[in-house]
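Engineer: Structure below; questions to follow.
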Amino acid sequence: MNLDIKDIHFTLRDDGRQYIEKKLGRLHNADANIIDLLITITKDAKEFIAEATINFRWGVSSHVKEHEPELNPAIDKLFDALAVKVNKEKEKAQEKR
């Protein structure tokens, strides 16, 4: 899986990147099914916007977006949504087989 992390309007420190990499463990069961995971964290005037685009091996692409006033809760919500999205896509792909 290729991982790309972007930060917009602020600098994501090493501890923030490590926190994201730690959260990747939640997707370990789908590593073989994911080609790319593109994460963008944007700092707005009042909140952090955490977005992810995930590209699956079977050609499907999904986008998830979460808003929170603090960085770590935004990342937590993003990975909660990603886990649900990955499981749904994985189930759809298995049903088509």
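Engineer: For a quick check of your reading: which strands (runs of 3 or more DSSP E) sit entirely within the range 1-66 and have at least 1 residues that are small (Gly, Ala, Ser)?
Structural biologist: The qualifying strands (runs of 3 or more DSSP E) are 48-56.
Engineer: Among the residues of the range 14-42, write down those that are closer than 13 Å to residue 75 by Cβ and more than 13 Å from the chain's Cα centre (by Cα).
Structural biologist: 15, 16, 18, 42
Engineer: Output the residue which, of all residues in the range 31-90 that are over 16 Å from residue 1 (Cβ atoms) and of a type in the set (Lys, Arg), is surrounded by the fewest Cβ atoms within 10 Å (Cβ to Cβ).
Structural biologist: Step by step, filter the range 31-90, then rank; the result is 46.
Engineer: If a residue has to be over 16 Å from residue 88 (Cα atoms) and under 11 Å from the mean Cα position of the chain (by Cα) to count, how many in the range 53-75 make the cut? Before you say what the answer is, go through the steps one by one.
Structural biologist: Step one: of the range 53-75, the residues over 16 Å from residue 88 (Cα atoms) are 65-75.
Next, from what is left, pick out any that are under 11 Å from the mean Cα position of the chain (by Cα): 65-66, 74-75.
Residues flagged as over 16 Å from residue 88 (Cα atoms) and under 11 Å from the mean Cα position of the chain (by Cα) within the range 53-75 amount to 4.
Values quoted throughout were computed directly from the atomic coordinates according to the rules given, and no laboratory measurement underlies them. A quick note: this is a predicted structure, and the numbers were derived from the prediction, not measured. Positions of Cβ are generated from backbone atoms using ideal geometry, with glycine treated the same way; all protein chains shown enter the neighbour counts.
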